[in-house]
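Colleague: I'd like to ask some things about the structure below.
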Amino acid sequence: MNIAGNTKWLHWLILPALVFCPLPGQAKLKVVATLPDLGSLAREIGKEKIDLVVLGKPNDDPHYIPTRANFVPSLRNADVLIETGADLETSWLSPPLQKAQNPKIDIGKPGRVDASQGIRLIEMVTTVALGSEAHPRGNPHFMVDPVNAARVAQYIAKSFAATDPTNAASYDANYRKFDAVVSAKVRGWRAILQDLQDKHLAAYHDSWPYFARRFDLRIDVFLEPKPGSPPTPAHLTEVIQKMKENHIRGILVEPYQDRRLAEKIARSNDATVIDFSLFPGGIPDTDSYVSLIDQLVKKFAAAVK
Ligand SMILES: [Zn+2]
């Protein structure tokens, strides 16, 4: 067999491979998002132009995530780091971040997105000493208000454009599209939730003040005495009493919380436990940020009607 004479066909294999493999200068933007809600927004803005790593899983407790093997290498290689801020991730993100030694994602650099910038925190405290264990500087769960999420999407688009100017127009267009979808959706969500303002729900943890404020809802009885503090028998007696007084028929529970305890409290009030999540993927049929809010709105309305 004449090997030399047969090499011509190799060109047909190699040439397309060269055309479609990105050259080193065109490598994708490496993005790390701390939590799945931010990861979903990064995907909306970056689409196929980014390589995305999301550190936390949808079922994790976002206040305390153990360092996994991929944290330090992902942070070391990142062009962009997106975090919630407001001290939600500080306790678990700081150690791997220090080990990663990556100046591109230092605070103040275009590669660092602090989603909490410009967000007015609810339950704001001025010093860490006054805050609760899980919310040392105020309530950090602002992403579940879709208007805040659209704002954060804009920060992300700006950071991507600054760190990867070649694709700036694409990031901007994707942000505008996301913003338009959310604006239209908010009107629909409001319509579903209107006239439910006098109905209260309880929650395991104080995760929903921004969601409740956006849609004028009442989620104001919590199984935890303070965010991050485990429920005590005395506090739970109070919870049962408040649920009776306010005719509360549902307790919102997230994947990482003690569902059996919530079920016990619910039973003593003829109420039910409702699976809620701050993160896409934490409850069924939520593969994106928008589908997550769709589900939360639907479940809230079903629970109080
Ligand atoms: Zn919290």
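Colleague: Sequence-distant or interchain residues sharing an amide H contact under 5 Å with Ile274, placed H: which?
Modeller: Ile251, Leu252, Val253
Colleague: Calculate, in nm to one decimal, what Gln197 and Asp61 gain on full extension: separation in residues at 0.36 nm each, minus their alpha carbon distance.
Modeller: The Gln197-Asp61 span can extend by a further 46.1 nm.
Colleague: On a C-alpha basis, how far is the centre of the stretch 172-198 from the centre of the stretch 257-289 in Å? Whole number, if you could?
Modeller: Here the two parts' Cα centres lie 23 Å apart.
Colleague: Rg/Rh for the stretch 231-303: what does it come to with C-alpha atoms and Rh from Kirkwood?
Modeller: 1.03
Colleague: Still on this model: Which order do peptides 66-73, 151-158 fall in by mean Cβ count within 10 Å, highest first? Kindly include the intermediate steps, with their values, before the conclusion.
Modeller: Working: 66-73: 13.1, 151-158: 22.0.
Peptide ranking by packing, descending: 151-158, 66-73.
Colleague: Grab the beta carbon distance between Ala168 and Arg259, set R0 = 35 Å, and tell me the FRET efficiency rounded to 0.05. Don't skip to the end; give the middle numbers.
Modeller: On the way: r = 45 Å, r/R0 = 1.28.
Efficiency, from the Cβ-Cβ distance: 0.20.
Colleague: Right, something else. For the stretch 72-198, what is the charge dipole size about the Cα centre, in debye to the nearest 20, if Lys and Arg each add +1 at the Cβ and Asp and Glu each add -1 at the Cβ?
Modeller: 400 debye
Colleague: Quick one: order Glu133, Glu83, Glu245 by neighbouring beta-carbon count within 10 Å, fewest to most.
Modeller: So the ranking, lowest neighbour count to highest, is Glu245, Glu133, Glu83.
Colleague: Next question. Rounded to the nearest 0.05, what FRET efficiency do Thr237 and Arg68 have when you use their Cβ-Cβ distance and R0 = 35 Å?
Modeller: Efficiency, rounded to the nearest 0.05: 0.35.
Colleague: Report ³J(HN,Hα) in whole Hz for each residue of the stretch 136-143, in order, from the Karplus equation J = 6.51 cos²θ - 1.76 cosθ + 1.60 where θ = phi - 60°; Gly and Pro get x.
Modeller: Once rounded to whole Hz, the list reads x, 10, x, 6, x, 8, 7, 5.
Colleague: If R0 is 25 Å, what FRET efficiency do you get for Lys47 and Lys185 from their C-beta distance, rounded to 0.05?
Modeller: Using R0 = 25 Å, I get an efficiency of 0.80.
Colleague: List the residues whose amide H sits under 5 Å from the amide H of Val113, counting only those 5 or more places along or on another chain, with H placed 1.01 Å from N in the peptide plane.
Modeller: Amide H to amide H, under 5 Å and 5 or more residues apart or across chains, Val113 pairs with Leu81, Ile82, Glu83.
Colleague: A further question follows. If amide H atoms are built 1.01 Å from N in the plane of the peptide, which residues on other chains or at least 5 residues away come under 5 Å of the amide H of Ile65?
Modeller: Trp92
Colleague: For n ≥ 4 DSSP H runs only, could you compute -39500 (n - 2.57) per run for the chain, divide by its residues and tell me the 222 nm figure to the nearest 500?
Modeller: -14000 deg cm²/dmol
Colleague: Let me ask something else about it. Take the alpha-carbon positions of the chain, form their convex hull, and give its projected area averaged over all directions (one quarter of the hull surface) in nm².
Modeller: 20.8 nm²
Colleague: Hey, if you put +1 on the Cβ of every Lys and Arg and -1 on every Asp and Glu Cβ in the stretch 201-305, which of Ile248, Ser288, Gly228 ends up farthest toward the positive end of that dipole?
Modeller: The residue sitting most towards the positive pole is Ile248.
Where a number appears in this text, it was derived from the coordinates with a stated rule and is not lab data. From a predicted model like this one, the values you see are computed outputs, not experimental measurements. Glycine also receives a Cβ, built like all others from the backbone with ideal geometry; neighbour counts cover every protein chain displayed.
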